[in-house]
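J.: Below is the structure I would like to discuss, written out as structure tokens.
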Amino acid sequence: MIKSLKRLLYIALFGFCFLKPADFRADIVFPARLELTETQPGVFDVFFILPVVNGKVLKASPVLPEACTYQTEPEITGTPNTKQITWSIDCQGEYIYGKQIGIEGLQGSQVEIMLIINLLDGRSYNKKLSPAMAYFEVPEPPTTLELLKNGMINGTRSLLSQPYLYLILFCLVIFTGFGSRSGFYPGFFISILIGYWLGAFEMMMTPQWMFNLTAAGFTLLVALKSRKDLTEAFSKLLLIPPGLFLGNSLSLQEFGLILTPEEQVAFSVFFSLGIAIGILLSLILFTQLKNILKSYSVYESSLKVFSILIGSIGLGLLIFESSLFWKTTSMLPQIPAMLILFFLLLPLLRGSMSLMISGLLFILFSALGLTLAMNEISLPYSELFLLALILISGVFMLGKGMVPNFMFLILLIMGSFAAGNIMGEYANNNISYPLARSVGYLAFGLFLIGILGSSVKTAESSNFLKAVSVIITGLAVLILFNLFSNDYFEGIVTAFLSGNLPIPVISILLLILAIIFWPRNRKVHRQMALKSRKPLVSLSMVILAVILLPFHLNINNPWFEAEDLDQAGMERIMQNVLSNTYSAFNVEDEEKLFEELSNNVDSELLDNVYLDSRRRLNMGLREGAEVSVQEVELNSMGKPQVLQDPESIEYPAQWTVTARVRHLKHIHYRKNQYTGTVALKAIDNKWKISKISLTSEERKVIAASSL
């Protein structure tokens, strides 16, 4: 009976979760703002906007410092919903620090007015004025002593308020000790400072969960390796990512201080001193705990208990932090799958090279690749290049159980460079704050390299490494097939239907070389009982031949006739010419742009298509925004219609153009869906657009994270 009641209660609670959510109501918010912008010392441009409610303007007026006089007469403009007043004031060279600025006439209303003050020295104040608090006193600039006090106190307090930090320091002090491991502490402190300063200059931006997750993983690994015979496997590399993430999370905290750029640098220096004090205090605390245990002669016997306790806590926290992704998958790091494979494969192939050296080389060359990508210098076909390195390394790992040292060095240097370049290019196209987030994701990749490299001894786990290599190689093949299915095979069909014969010359030569160098088991080898060499080089050539299939030579197909295509063929032609037409606007050089357009659009229609498409793509953009076409999809194409021109065929069609719009600090996408008719005409045995008429256009703005 009790079990039935419990089951009924659970079902009722489960059903309650699907009930209609409660309604939420909010007051109407009217636009009201008082903005002062200093243009010269003591001279301000004033912008005052008031709402119009039920045809009436709120009777409120700004209260400015007594020393300020009108420099220009107020100019009144507005809209049906707002009244806008602009004028200039001269405060006779006096600073407005310590002066009150407010609004009169708010009593009896529910209107709140946003006060914005922008000063020449770089300070910017934002304060909401209400009937209860209608005045704001501009605070005095902080002195150097106040900056020192606030910086050190906030730095120490912010660091000591991080609970996951105590797990890391506890593991370092209790399980590793000072002795020969004392280099861990300055390394950890320096990584915190680097993360903090990168965040202060918006060169790194990571969510809080990254520090929590890496700290929990670090704690679990150190607890598992706390026995003396395993501590040598522990690498300083593991401390770098958590330190970077901790420092970065500290840089994102707000302290309510309005500072100039120079004062912000000074505050950051003093904040760093506070971080050092916090680290020192924490180390002293855990060191005293260790000394107390030693004084009672229970330190050695308690290590096992501590390792079980801390390991259990680390595992629990790791599961807890990972549950974030089960609930909200959008929080997962936006790292291309190919880079994840590279991060996982790299530490398994390092052989005799130390994990620390491997990690530092990864940092150096991935940073170089990322820097080039941020300066719009991309490695051509970097994805295929990195895939080739992964697959060839996998072949050698499966065949010999290891890769030669020179090959690993090539994989490490060139692969890290390509990984940084791919990450930067992907972030530029899909993520807001591309540089800052790319640095954070590469640091997370460094943590994966460190955690896997510290967990597996490459010299003693050949079978395990082979099994992992099989999995990684298989996933790389799937990624390669996905790339080809999206781009290559469709391109082959389109090229053929456009009158070209694609011939992969490089791939054919590589296949011939693979056959020539394939090891033969000759009779003399059998008589001497010699094992034949494994065809690792030939298999590598086969892999390169497959990867280089997109690099083909197009020659004209002498048997092609444009008029002989059926409906399915014409749909591919329509998709191709529309895609090429819109993608041409990604070319910055106007001459090359017109050349691309002329290959797909009739010369009589060229100017109209250029002007109209440019206008539609840039419609509604703010100044400084960049737009680029990402995808053109033919949604539907009807039966052909007869035109007066016998050489043209007109089709009713609907297509969607997806364009990326990149602003200074964020990215979003626009989808323009067009409905109309498109006429195709065979000119010199090649199909081109000869006429286009639109009947409707729908535009939709989409956040980058939802694609």
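J.: Give me 350, 33 ranked fewest to most by other Cβ atoms within 10 Å of their Cβ, as a rough exposure proxy.
T.: Ranked by crowding around the Cβ, least crowded first: 33, 350.
J.: At a Förster radius of 35 Å, what calculated FRET efficiency corresponds to the Cβ-Cβ distance of residue 37 and residue 59, to the nearest 0.05?
T.: With a Förster radius of 35 Å, E is 0.90.
J.: Another question, then. At a threshold of 8 angstrom on Cα-Cα distance, excluding pairs fewer than six apart, so keeping six or more, what relative contact order does the range 267-406 reach in percent?
T.: About 19 percent, as a whole number.
J.: Could I ask something else about it? Averaging the inverse of every distinct alpha carbon separation and then flipping it gives the Kirkwood radius. What is it for the range 142-328, in angstrom units?
T.: 17.4 Å
J.: Something else now. Is the shape of the range 333-497 rounded, prolate or oblate, going by the alpha carbon gyration tensor and its root eigenvalues a ≥ b ≥ c, with a/c under 1.5 for rounded and a/b larger than b/c for prolate?
T.: Values: a/c = 2.06, a/b = 1.23, b/c = 1.68.
The shape class here is oblate.
J.: Gain in length, residue 285 to residue 143, computed as 0.36 nm per residue apart minus the alpha-carbon separation, to one decimal in nm?
T.: In short, 47.8 nm is gained.
J.: How do 265, 577, 222 rank when sorted from fewest to most other Cβ atoms within 10 Å of their own Cβ?
T.: Working: 265 13, 577 23, 222 26.
If I rank by nearby Cβ atoms, fewest first, I get 265, 577, 222.
J.: At q = 0.25, 0.29, 0.32 Å⁻¹, what is the base-10 log of I(q)/I(0) for the range 318-369 according to the Debye formula with one equal point scatterer per Cα and no solvent? Please give it to two decimals.
T.: -0.98, -1.08, -1.17
J.: Quick one: if you take sqrt(5λ) for each eigenvalue of the C-alpha gyration tensor of the range 33-137, what semi-axes come out, biggest first, whole angstrom?
T.: Values for the range 33-137, descending: 23, 16, 11 Å.
J.: Kindly give the semi-axes, whole Å and largest first, of the ellipsoid equivalent to the range 109-161, taking each as the square root of 5 times a Cα gyration tensor eigenvalue.
T.: Here the semi-axes work out to 30, 16, 10 Å.
J.: Starting from 0.36 nm per residue, how many nanometres of slack lie between residue 114 and residue 95 once their C-alpha separation is accounted for?
T.: 4.7 nm
J.: So for the range 259-390, considering every pair of alpha-carbon atoms, how many percent are separated by more than 24 Å?
T.: On the way: 5789 of 8646 pairs.
Result: 67 percent of Cα pairs exceed 24 Å.
J.: Related question: If you place +1 on the Cβ of every Lys and Arg and -1 on the Cβ of every Asp and Glu, how big does the dipole about the Cα centre of the range 260-331 come out, in debye to the nearest 20?
T.: 420 debye
Just so you know, all these numbers are worked out from the coordinates, no wet-lab data involved. The structure displayed is predicted, hence computed values, not measured ones. Because the Cβ atoms are built from the backbone with ideal geometry, glycine has one as well, and the counts that use them run over all protein chains shown.
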